[in-house]
Amino acid sequence: MSDLLQRLRGRGWRMTAQRRVVAEVLSGDHVHLTADEVLAQATARLPEISRATVYNTLGELVSLGEVIEVTTDGRAKRYDPNAHRPHQHLICSSCGTIRDVHPTDDPVAALPSSERFGYTVTAAEVTYRGRCPECAAD
């Protein structure tokens, strides 16, 4: 069973067949699917699932904090199920592929106090950009 499914069961989330399929599609590392990609994969597993159900389920998962919405450079929102594992993103500037990365430095600690402007900094989002091996080979 996937980490996401386990977390949802632990929360007592009502697990309909449609919700289960959406959660299964989002399972795994480095998963950053658009809503349409989730819909396509969910439909392949459960043909009767509707677009509205997929979109509503994604919205619910984001509201619960079980999935993170990732938006980059005006591209379609992507859904990241690794909401409970601290990580940053590495994005291909050509094709938009997103990978989860785990830098060893704490980005909050790296911000000098002179650059905090009196804020109590509790979190930082760092996005790394480059070209993936496939795009770099072109």
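The values are calculated or read from the model by the stated rules, or taken from the named source; none is laboratory data. Note that the coordinates shown come from a computational prediction; the quantities given were computed from them, not determined experimentally. All Cβ positions, glycine included, derive from the backbone under ideal geometry; neighbour counts span all protein chains shown.
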Q) Just one of 125, 48, 24 is free of Cβ contacts under 8 Å to residues at least 12 places away in the same chain, at negative phi and acidic (Asp, Glu); which is it? A) 48
Q: Could you check residue 34 against (1) of a type in the set (S, T, N, Q); (2) closer than 30 Å to residue 101 by Cβ; (3) in contact with a helix residue (DSSP H, G or I) (Cβ under 9 Å, 6 or more places away or on another chain) and say which number it fails?
A: (3)
(Q) Going residue by residue through the range 81-96, is there one that turns out to be closer than 28 Å to residue 130 by Cβ, touching a residue at least 60 places away in the same chain (Cβ under 8 Å) and among the basic types (Lys, Arg)? (A) no
Q. Just checking, how many residues over the range 125-135 are part of a loop (DSSP other than H, G, I, E, B) and either among the hydroxyl-bearing types (Ser, Thr, Tyr) or under 16 Å from the mean Cα position of the chain (by Cα) (or both)?
A. 2
Q: State whether the residues of the range 58-79 include one that is farther than 30 Å from residue 94 by Cα and either modelled with pLDDT under 95 or not charged (D, E, K, R) (or both).
A: yes
